[in-house]
Amino acid sequence: MRGGVTPLLPVTPDGPLDVVRVALRHHGAAVVHADAAHWALDGERETVRWLGRELGRLDASLPPAARQRLVASRRLIKTVAGAVIGADPGELEITRAPAGGPRLRGCDGLELSLSHTGSLLTLALGTSGWPVGADVERATRRVGVEPLARRVCTPYERAVLNATSPTERPLVLLRLWTLKEAYAKGLGVGTRLPFRTFGFRLCARTAVLVDDGGRPVRPPEWRFTTHRTDDGHLISVAVGGPPDASAFHRRNNSGMPSARNPGTLPQLEKSLSRRPANSQGRPIISSSSRLV
């Protein structure tokens, strides 16, 4: 499994998009972030085009911001995925995975995970059928540290929080929370995963999956990254591995679904092997992120 920090890349409708393919080739996964306002559409014809069979979700009762975000997210997914696999975005069809996340019909080799807060959209992509999960929160979000920690943290994590200065606890807790949300999305189980049964040991940008006593889970098939953007958001991404990568939760949570492992599409492999004319083939880390 390709390791290291999962790159964070800003994208707009005007690009850059080739960098996503380069990042996927080097890292096996990438996460992009975008302002929904930049990807929004006004005309009905364009809205119908980008939503396709999901047009029925555009209910009249949806608030304007939610309508804008839905259309923008579908345009983002199809545009980025189309650039990655070398397909016309207008020909791609979005379906929903059992846990509710987006998937591309006929493209099981490309895994997706979408998250948003306010107008910020984040989209994680993974290749070779290895699952990905992403979650985003405002770094300044006000949370009740003690009640939330009791609900989502292991004894080990609560001990770490108690040893952290009071001014830094909310940010550390938000980082733990987004990591757990990202991991649950990557596993495809959503809120069914008990957050107090597993935890994280935080490093600089990365984190290590540990059990409720703080012991690292072996083998470490998943990798975890958190970025803090210049506009004040925490974006966490979880990237899975081979089919037995979720064995830890199969052992600890009876009936817990395992990580998916569909085959890699030859089209995706061929597309990822292409190198943009202006690329030197080096790993990419966005300058818009920094250490938490």
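The values are calculated or read from the model by the stated rules, or taken from the named source; none is laboratory data. Note that the structure is a prediction, hence the values are computed from the model and not measured. We place every Cβ from the backbone using ideal geometry, glycine too, and count neighbours over all the protein chains shown. Accessible surface areas use protein heavy atoms only, side chains included; no ligands, DNA or RNA. Shrake-Rupley method; radii C 1.70, N 1.55, O 1.52, S 1.80 Å.
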Point to revise | Neighbours by Cβ (under 7 Å, 6+ apart or cross-chain): first from region 60-73, under 13 Å from H38 (Cα atoms) and in a helix (DSSP H, G or I); second open to solvent by less than 60 Å² (accessible area, probe 1.4 Å) and among the β-branched types (V, I, T) | key: V71/T47
Review point. What about R69, is it modelled with pLDDT under 90, of a type outside the set (A, V, I, L, M) and open to solvent by 20 Å² or more (accessible area, probe 1.4 Å)?
Key: no
Practice item. Kindly provide the set of residues from region 75-117 that are of a type in the set (G, A, S) and either over 20 Å from A36 (Cα atoms) or within 16 Å of the chain's Cα centre (by Cα) (or both), ordered by number. Key: A81, G86, A87, A97, A99, G100, G101, G106, G109, S113, S115
Review point. List pairs: first in region 126-146 and farther than 14 Å from T6 by Cβ and in contact (Cβ under 8 Å) with a residue 60 or more places away in the chain, second open to solvent by 40 Å² or more (accessible area, probe 1.4 Å) and of a type in the set (S, T, Y), Cβ under 9 Å, 6+ apart or cross-chain?
Key: S128/T264; G129/T264
Study note, to complete from the structure: Within region 74-98, residues out of contact with any strand residue (DSSP E or B) (no Cβ under 7 Å at 6 or more places or on another chain), buried (at least 16 other Cβ atoms within 10 Å of the Cβ) and in a loop (DSSP other than H, G, I, E, B) come out as A87
Study note, to complete from the structure: With criteria (1) under 19 Å from A40 (Cβ atoms); (2) in a helix (DSSP H, G or I); (3) free of Cβ contacts under 8 Å to residues at least 40 places away in the same chain, G56 comes up short on (1)
Review point. Mind checking which pairs have a first residue in region 180-200 that is more than 11 Å from F224 (Cβ to Cβ) and polar (S, T, N, Q) and a second that is in a helix (DSSP H, G or I) and open to solvent by 10 Å² or more (accessible area, probe 1.4 Å), Cβ under 7 Å, 6 or more apart or different chains?
Key: T197/N252
Check your understanding: Can you tell me which residues in region 1-21 are open to solvent by less than 20 Å² (accessible area, probe 1.4 Å) and assigned to a helix (DSSP H, G or I)?
Key -> V20, R21
**Study point:** Residue count for region 210-219, restricted to those that are charged (D, E, K, R) and either closer than 24 Å to E111 by Cβ or exposed (fewer than 15 other Cβ atoms within 10 Å of the Cβ) (or both)
**Key:** 2
Review point. So V145 fits all but one of (1) of a type in the set (V, I, T); (2) under 30 Å from R25 (Cα atoms); (3) open to solvent by 10 Å² or more (accessible area, probe 1.4 Å); (4) in contact with a Leu (Cβ under 6 Å, 6 or more places away or on another chain); what number is the exception?
Key: (2)
Review point. Which residues, taken from region 1-18, are among the aliphatic types (A, V, I, L, M) and modelled with pLDDT of 95 or more?
Key: L8, L9, V11
Review point. Mind checking whether some residue in region 126-139 is open to solvent by 30 Å² or more (accessible area, probe 1.4 Å), in a helix (DSSP H, G or I) and either modelled with pLDDT under 95 or over 29 Å from A40 (Cα atoms) (or both)?
Key: no
Point to revise | Candidate set from region 238-252 (those that are in contact with a Leu (Cβ under 8 Å, 6 or more places away or on another chain) and either in a strand (DSSP E or B) or over 23 Å from L8 (Cα atoms) (or both)); member that is modelled with the highest pLDDT | key: A238
Point to revise | Subset of region 164-209 [β-branched (V, I, T), within 25 Å of E111 (Cα to Cα) and part of a loop (DSSP other than H, G, I, E, B)] | key: V189
Point to revise | Residue that is open to solvent by less than 60 Å² (accessible area, probe 1.4 Å), in contact with a strand residue (DSSP E or B) (Cβ under 7 Å, 6 or more places away or on another chain) and at pLDDT below 95, where the choices are L51, L24 | key: L24
Study note, to complete from the structure: Quick count over region 220-230, residues being closer than 18 Å to P170 by Cβ and either out of contact with any Lys or Arg (no Cβ under 6 Å at 6 or more places or on another chain) or among the small types (G, A, S) (or both), is 2
Exercise for review: Answer yes if at least one residue in region 101-111 is open to solvent by 10 Å² or more (accessible area, probe 1.4 Å) and either at pLDDT 95 or above or assigned to a helix (DSSP H, G or I) (or both), and no otherwise.
Suggested key: no
